[in-house]
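One structure is given here, and the rest of the page talks about it.
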Amino acid sequence: MRMSAFFLPTLKETPNEAQIVSHRLMLRAGMIRQTSAGIYAWLPLGLKVLRRIERIVREEQDAAGAQELLMPTIQPAELWKQSGRYDDYGKEMLRIVDRHDREMLYGPTNEEMITDIFRNAVKSYRDLPKSLYHIQWKFRDEIRPRFGVMRGREFLMKDAYSFDLDPAAARRSYQNMFLAYLRTFARLGLKAIPMQADTGPIGGDLSHEFIILAETGESGVFCDRRWLDLDVLRDAPVYGDDLEPFFTQATGIYAATDEKHDPATSPLPADQLVSARGIEVGHIFYFGTKYSKPLGAVVAGANGEPVTVEMGSYGIGVSRLVGAVIEASHDDAGIIWPDSVAPYQVGLVNLKSGDAGTDALCVDLYHKLQAQGTEVLYDDRDERPGAKFADMDLIGVPWQLVVGPRGLKSGVVELKRRGTAEKHELSPESALARLLA
RNA sequence: CGGGGCGUAGCGCAGCCUGGUCAGCGCGCCAGUUUUGGGUACUGGAGGCCCCCGGUUCGAAUCCGGGCGCCCCGACCA
């Protein structure tokens, strides 16, 4: 993408409604614009990052054996009346009446709908287990939306649902997703700690929240000091293995959200316990027959007897993750994208657009990088070098390839790593080789 | 939903108490000159239902009433 043509409205100053760093940077970097309280438009740069994260989440769900489908955002109230949640959910649910006075709602989650789809299609224990997921916009009419995409009313969520014949099998499904979540967050460059959690209105009795430690997090959390530099995935099993030992070990190291943590019964001495704040990026639940029973999701068991299926649900806040990654990775100059989610791999900076030499070299590098499948943001604007550096740092592209008249004289370009500010003067050829390695 | 605050140019703000010489500043934007390795400097220019409705007044961005919107602190959630 040529920056001269890119719709990238960056800001020098910070809009005053933005309190936390991720919100400020997303506005300044031209990633999002607010359209009303807790509702955002995703501009091209922001959407690109959202898609990258979505893709990693999807790849890991697929690898874990879940199957993707897509359910609508608008749901009939009827299903929610069957589950009993139509009244329970309260004002957080956006209720809609259509032209025929039918009660509808904008889905805050999809347990009812997926259970309905499942019960109509699956009649035999032979078809179990099944895990289904989708990545769809949700709406929860939060009392107080805040912090940009971290607590929006409309947000993109990956929600998966597992169906099993008995509690033991459901536990395996839960553990499978547990591993998938740890792997997903690790691929996003995040350290997520699984914590014992309350189940809230979703219901159930086995539940973990995945928390990124951050000053600006909304959740109070407590964990064993050992979590701070633990690489929980180092000796992790692979999908399909018996996950029980791994699960027992990982959940054996204490970590709990403040709703769940009781100082009176804390298993840790004070000097071993870390009290911190965190961002909830994922939440998994095992809730048994909470929905399958009222909605009648029943299959024939091995002896022909009816069996109400055991269910779990598993959520990842995809749009929230964009903010969470920024909270975890930025400096005074702007965002520092991990390579896995960066909107562009390389920022190509022409320090003197209009100079025949730098123009020619830049265009050559631009085409060669693109030909190899590298996503390049080429700053060909007629701006001062300082403005270009500042914008590139703000946007956070992992590699900056800088071409200027001075270096050109001695046949070198500069390759800079955004995260470390490490710089190397190289020939254009070796810079290319380095980037394509 | 309780408490607090804000709404004036794309963004950040001043002006409001004490009504009229009050449509302003900085950044950004446009044109030109200049400059060219970390947000350059100068000149000129465009851009505003002063959130909306009503009231008071000779006169309202300013005072009064009512709405709407947004933000912050708390109780809830991916």
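The values are calculated or read from the model by the stated rules, or taken from the named source; none is laboratory data. From a predicted model like this one, the values you see are computed outputs, not experimental measurements. Cβ placement follows ideal geometry from the backbone for every residue including glycine, while neighbour counts extend to all protein chains displayed. Heads up: the accessible areas ignore ligands, DNA and RNA and are worked out on the full protein's heavy atoms, side chains in. Shrake-Rupley method; radii C 1.70, N 1.55, O 1.52, S 1.80 Å.
Of note:
- Qualifying positions in the range A:22-44 - in contact with a helix residue (DSSP H, G or I) (Cβ under 9 Å, 6 or more places away or on another chain) and either away from RNA strand B (no atom under 12 Å from the Cβ) or assigned to a strand (DSSP E or B) (or both): A:26, A:31, A:32, A:33, A:34, A:40, A:42
- Any hit, the range A:305-312, residues being under 26 Å from the mean Cα position of the chain (by Cα) and in contact (Cβ under 8 Å) with a residue 60 or more places away in the chain: yes
- Residue A:163 meets the conditions (1) away from RNA strand B (no atom under 13 Å from the Cβ); (2) assigned to a loop (DSSP other than H, G, I, E, B) in every case but one. The failed one is (2).
- Residue A:414 meets each of the listed conditions (1) assigned to a helix (DSSP H, G or I); (2) buried (at least 18 other Cβ atoms within 10 Å of the Cβ); (3) touching a helix residue (DSSP H, G or I) at 6+ places or on another chain (Cβ under 9 Å); (4) of a type in the set (D, E, K, R) apart from (1).
- Whichever residue in the range A:348-400 is hydroxyl-bearing (Ser, Thr, Tyr) and assigned to a helix (DSSP H, G or I) and, among such residues, is farthest from residue A:331 (Cα to Cα): A:358
- Residue match in the range A:36-56 (condition: surrounded by fewer than 16 Cβ atoms within 10 Å (Cβ to Cβ) and at pLDDT below 90): yes
- Top-ranked residue of the range A:246-266 - restricted to ones that are of a type in the set (A, V, I, L, M, F, W, C) and closer than 19 Å to residue A:220 by Cβ, ranked as surrounded by the most Cβ atoms within 10 Å (Cβ to Cβ): A:255
- Given (1) within 8 Å of RNA strand B (Cβ to nearest atom); (2) in contact with a Pro (Cβ under 7 Å, 6 or more places away or on another chain); (3) touching a residue at least 60 places away in the same chain (Cβ under 8 Å), index of the condition residue A:413 fails: (3)
- From the list A:76, A:108, the lone residue that is within 13 Å of RNA strand B (Cβ to nearest atom), without any contact (Cβ under 8 Å) to a residue 40 or more places away in the chain and open to solvent by less than 80 Å² (accessible area, probe 1.4 Å) is A:108.
- Of all residues making up the range A:327-340, the number that are surrounded by fewer than 23 Cβ atoms within 10 Å (Cβ to Cβ) and closer than 20 Å to residue A:372 by Cβ: 2
- Applying the set (1) among the hydroxyl-bearing types (Ser, Thr, Tyr); (2) more than 8 Å from RNA strand B (Cβ to nearest atom); (3) in the same structural domain as residue A:127 (by TED's automatic domain parsing); (4) under 26 Å from residue A:135 (Cα atoms) to residue A:308 leaves exactly one unmet item: (4).
- Entry remark, the range A:79-100: residues being of a type in the set (S, T, N, Q) and open to solvent by less than 60 Å² (accessible area, probe 1.4 Å) number 1 in total.
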